[in-house]
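See below for the structure under consideration.
The values are calculated or read from the model by the stated rules, or taken from the named source; none is laboratory data. Predicted model, so just to flag it, every value in this text is computed and none were measured. Quick reminder, even Gly has a Cβ in these numbers, built from the backbone with ideal geometry, and neighbours come from all protein chains shown. Note: areas computed on protein heavy atoms with side chains; ligands, DNA, RNA excluded. Shrake-Rupley method; radii C 1.70, N 1.55, O 1.52, S 1.80 Å.
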Amino acid sequence: MLRRLVGTVKEAGYLSVLCDRSALTVLSESPGRAVEAVGWVGRTTPLHSTSTGRALLMDRTPEETGHLLAGTDFSDAGPGAPNGLDDLMERTARARRTGYAVADEEFESGLVAVAAPVRDFSGRVVAAVNVCAPKYRAGGDLERLGRVVSAAGHQLTSAMKGRGR
């Protein structure tokens, strides 16, 4: 599925899971472009300044999220990152409504990403699938990317529930 997603959008794709207070990338797929987001397998990224983080937080209550991110330094991120817990909660609520999270220069200047949750048989978020790209190439197309990544998340969720591909 990740290979198909990357083949469709021509940008780097990742599968990540929650690990302590971060998102841990467990799988990545490269589009083979000269300029692309790097492979992050085995590395972690912050929950508060990434689309992946928000996708992983989608089914947590505000209290759970606040507890999980207690002590987080919100100033240590890109220029578009949330400025605090309330801002993060608002962005996570927006992601719940659309089915995908968008990060526009939140992790790093010039970088955009879109992520969607992957749910297990019980409906609980267990992973996130995301696409990451340079803003100059994908910044004007985030809504379409969001729909494509959301569809990929639904496909993985169906597979997790034993409903085929």
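How about segment 15-58: which of its residues are among the charged types (D, E, K, R) and either modelled with pLDDT of 95 or more or in contact with a helix residue (DSSP H, G or I) (Cβ under 7 Å, 6 or more places away or on another chain) (or both)? Working first, answer last.
Taking segment 15-58 and keeping what is among the charged types (D, E, K, R), we get 20-21, 29, 33, 36, 43, 54.
Answer for segment 15-58, where residues must be among the charged types (D, E, K, R) and either modelled with pLDDT of 95 or more or in contact with a helix residue (DSSP H, G or I) (Cβ under 7 Å, 6 or more places away or on another chain) (or both): Arg21, Glu29, Arg54.
Please go through segment 58-68 and give me each residue that is outside any loop (DSSP other than H, G, I, E, B) and without any contact (Cβ under 8 Å) to a residue 40 or more places away in the chain, ordered by number. First the steps, then the outcome.
Quick first cut of segment 58-68, residues outside any loop (DSSP other than H, G, I, E, B) only: 62-68.
Answer for segment 58-68, where residues must be outside any loop (DSSP other than H, G, I, E, B) and without any contact (Cβ under 8 Å) to a residue 40 or more places away in the chain: Pro62, Glu63, Glu64, Thr65, Gly66, His67.
Take the residues in segment 77-95 that are among the charged types (D, E, K, R) and surrounded by fewer than 16 Cβ atoms within 10 Å (Cβ to Cβ), then tell me which one is farthest from Gly140 (Cα to Cα). Working first, answer last.
Just the residues of segment 77-95 that are among the charged types (D, E, K, R), to begin with: 86-87, 90-91, 94.
Among the residues that remain, those that are also surrounded by fewer than 16 Cβ atoms within 10 Å (Cβ to Cβ) are: 86-87, 90, 94.
On the way: Asp86: 26, Asp87: 23, Glu90: 22, Arg94: 19 Å.
Once the filter is applied, the top-ranked residue is Asp86.
Conditions first: (1) modelled with pLDDT of 95 or more; (2) assigned to a loop (DSSP other than H, G, I, E, B). Gly71 passes all but one, so which condition is the exception?
Exception for Gly71: condition (1).
Residues being of a type outside the set (D, E, K, R) and either modelled with pLDDT under 90 or open to solvent by 40 Å² or more (accessible area, probe 1.4 Å) (or both): count how many of those fall in segment 115-147.
Selection size over segment 115-147: 7.
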